[in-house]
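Data first, discussion second: the structure below is written as structure tokens.
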Amino acid sequence: MKKMLSFKALMILLGFVLCALSAGAYDFPDHEHGLYLNYLSDGSVEVTYYDDNYNTYSGYVNIPTEAVRGVLVSTQTYFPITRIGKYAFRRCLSLTGVSIPTSVTSIGESAFWNCSLTSVTIPYSVKTIEYNAFGDCSSLTSVYIGSGVTTIGTYGFDSPLTYVRIYTSTPPTIYN
């Protein structure tokens, strides 16, 4: 004899399934810039990835200083983007360039691991570049680092760098 689930048990099961399906690597998308973002406990957000396949981004990515949540102007909320999160651009083999704004204060572990960047400018606002942040970026040869950086984790730039410049005021213009 087959037993059927009660309505209550079915609704609980459906709730678990919906929660599992909605659990992803990001809290909300920034449709204007094509970014995926996570809330942080201090009220700011970090750039993250779409799903566990990574390889979410390609081409040139322009990270704005703040993210907008909400479609209607009357309900939009703005959040400062202060971090490039762990694995955010990991394995983005088609990522050719990135603009990091001065609102960003840290670059997470393996944030750009195995990307195709050729050069990167890290603004003076960044204080921390975590473990392996630019690891295995075989095309990365030029790095401009703002003087605000106080910590570079192990293998932070595990790449074939041929040029590194630390600047104290205005960053150089990079054309990708």
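The values are calculated or read from the model by the stated rules, or taken from the named source; none is laboratory data. Computed from a predicted structure; not experimentally measured. Glycine gets a Cβ as well: all are built from the backbone with ideal geometry, and neighbour counts include every protein chain shown. These area figures cover heavy atoms from the full protein model, side chains too; ligands, DNA and RNA do not enter into them. Shrake-Rupley method; radii C 1.70, N 1.55, O 1.52, S 1.80 Å.
For the reader, a short list of remarks on this structure follows.
- For the range 96-160: accessible area per residue (Å², 1.4 Å): 35 Å²
- Computed over the range 122-170: relative contact order in percent, which uses C-alpha pairs under 8 Å that are six or more apart: 46 percent
- Report note on the peptides 104-116, 30-42: ranked by the mean count of other C-beta atoms within 10 Å, highest first, their order is 104-116, 30-42.
- Take 133-144, 80-91 and order them by the average number of nearby Cβ atoms within 10 Å per residue, most first; the result is 80-91, 133-144.
- Residue 167-residue 151 pseudo-label distance in nm [points 7 Å out on the Cα-to-Cβ vector]: 2.6 nm
- Value in Å of the Kirkwood radius, where the range 26-167 supplies the Cα pairs that are averaged: 15.0 Å
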